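The structure appears right after this line, and notes come after that.
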Amino acid sequence: MKKQLLLAVLLLSSVSYFSACKREKNTVTPTATLNDMGDFVNKYGAPKQTFSFNTSDLPRTFTLNAGTKITLYPGSLTKNNIPVSGALTLEAYEIMKRSDAIFTGTNTNHHSGAPLISDGFFFIDVKANGISVDKMMPASYDVAMPTTREGEFTNLWVGNTDLDVAGQMGWMAPINGGADSIKGLDSLFSFSMRELGWVNCDIFYASNAPKTTVTITLVNNPGALATFMGGSGETFVLFCAQGENVVSQLYTPAGTNMVKSYDDSMPIGMTGRLVAFSIKDGKFYFAKQDVTISTNMGATLSLAEVTEAALEAEINALDSY
């Protein structure tokens, strides 16, 4: 009897212990809350890659994580048109997949609003004592970007974040130097540039198709539209073309909780997925709809609360869409 009583006590103690542990685990709160799109981009966006070097090291080639090679040459770096010397830092971001672009809060919009198909893009900045050198360089740097489009052409663009008061970015032709188009050879797009900052290898999406304006109504949108790289705001609205690396952002206000594409910029007859997602006060919201672009098309996206993991999975799935 004593042994049975002792066994019962031990069993009850074990149940109580594991129940207490389970309750404690369920009541643990996250250590970091994602409050807006800026927090989301900081967590999931392309990582900043940093390289330290000295002007005496030049010429030097810097290889980024996805294989893009940047080669800087002596005499190519100035500050206020005066050559810099000594210790420097190169900072870079690299965007090769559709999910990279979305997680980083970027897009593939031409500055006219027309969607572009990206072959990959990157950002580079060089700093001396923590201050950026001149964006326009007196001599070119070389780029070699991996590609699978052997023998095919792409165009070069630079990112402009000063297009309008919406705080977004669009791609435009290089201001000073650089080829208009380049051909994939030996699995590389190889070219020279004289502008630091954002650089993209893109072609126009469905350039020969007639164009229209697309308007999106957002239902249950918990926040304001997000700006480039989540600088402010909580919500992105995108069109992702099926089978192409297109991340076309829609952000022009068209009424209360309504956004539209640039006028007459979206290709009629093209299929793709409209996506809206938002991060606000530790909660995640998502909506999607597969569409075929039609004349003056309107669509409604109703955002519903999802888990962080579900939102991450939806964005990653767009790489194979």
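Contact map, the range 305-321: residues that are closer than 13 Å to ILE279 by Cα paired with residues that are in a helix (DSSP H, G or I), Cβ distance under 8 Å, separation 6+ or inter-chain. Pairs shown: VAL306/GLU314; GLU312/TYR44. Out of everything in the range 282-292 that is surrounded by fewer than 21 Cβ atoms within 10 Å (Cβ to Cβ) and in contact with a Pro (Cβ under 8 Å, 6 or more places away or on another chain), what residue ends up being farthest from ASN220 (Cα to Cα)? Filtering the range 282-292 for residues that are surrounded by fewer than 21 Cβ atoms within 10 Å (Cβ to Cβ) and in contact with a Pro (Cβ under 8 Å, 6 or more places away or on another chain), the one farthest from ASN220 (Cα to Cα) comes out as GLY282.
For the range 87-110, the criterion of being modelled with pLDDT of 95 or more, of a type in the set (Val, Ile, Thr), more than 30 Å from ALA166 (Cα to Cα) and over 26 Å from the mean Cα position of the chain (by Cα) is met by none of the residues. If you filter the range 73-86 down to residues that are within 10 Å of PRO138 (Cβ to Cβ) and outside any loop (DSSP other than H, G, I, E, B), you find that the one that is nearest to the chain's Cα centre (by Cα) is THR78. Candidates are the residues of the range 177-214 that are closer than 22 Å to MET266 by Cα and among the aliphatic types (A, V, I, L, M); the one that is least open to solvent (accessible area, probe 1.4 Å) is VAL214.
Condition check ((1) of a type in the set (A, V, I, L, M); (2) on the phi < 0 side of the Ramachandran plot; (3) not in a loop (DSSP other than H, G, I, E, B)) across all residues:
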{"site": "TYR262", "(1), (2), (3)": "no, yes, no"}
{"site": "PHE277", "(1), (2), (3)": "no, yes, yes"}
{"site": "TYR285", "(1), (2), (3)": "no, yes, yes"}
{"site": "LYS288", "(1), (2), (3)": "no, yes, yes"}
{"site": "ALA309", "(1), (2), (3)": "yes, yes, yes"}
{"site": "GLU314", "(1), (2), (3)": "no, yes, yes"}
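Rundown of residues vs (1) outside any loop (DSSP other than H, G, I, E, B); (2) open to solvent by less than 10 Å² (accessible area, probe 1.4 Å); (3) basic (Lys, Arg); (4) more than 30 Å from GLN242 (Cα to Cα), yes/no style:
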| site | (1), (2), (3), (4) |
| --- | --- |
| GLU94 | yes, no, no, no |
| THR106 | no, yes, no, no |
| LEU116 | yes, yes, no, no |
| PHE123 | yes, no, no, no |
| LYS127 | yes, no, yes, yes |
| MET137 | yes, yes, no, yes |
| VAL143 | yes, yes, no, no |
| ALA166 | no, no, no, no |
| ILE175 | no, no, no, yes |
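Which of the residues spanning the range 215-232 are surrounded by fewer than 22 Cβ atoms within 10 Å (Cβ to Cβ), in a loop (DSSP other than H, G, I, E, B) and either of a type in the set (A, V, I, L, M, F, W, C) or touching a helix residue (DSSP H, G or I) at 6+ places or on another chain (Cβ under 6 Å) (or both)? The answer is ALA224, and nothing else. The conditions of being in contact with a helix residue (DSSP H, G or I) (Cβ under 6 Å, 6 or more places away or on another chain), open to solvent by 20 Å² or more (accessible area, probe 1.4 Å) and farther than 30 Å from ALA310 by Cα are not met by SER112.
The values are calculated or read from the model by the stated rules, or taken from the named source; none is laboratory data. A quick note: this is a predicted structure, and the numbers were derived from the prediction, not measured. Cβ: placed from backbone, ideal geometry, glycine included. Neighbour counts: every protein chain shown. With ligands, DNA and RNA removed, areas are computed over all heavy atoms of the protein, side chains included. Shrake-Rupley method; radii C 1.70, N 1.55, O 1.52, S 1.80 Å.
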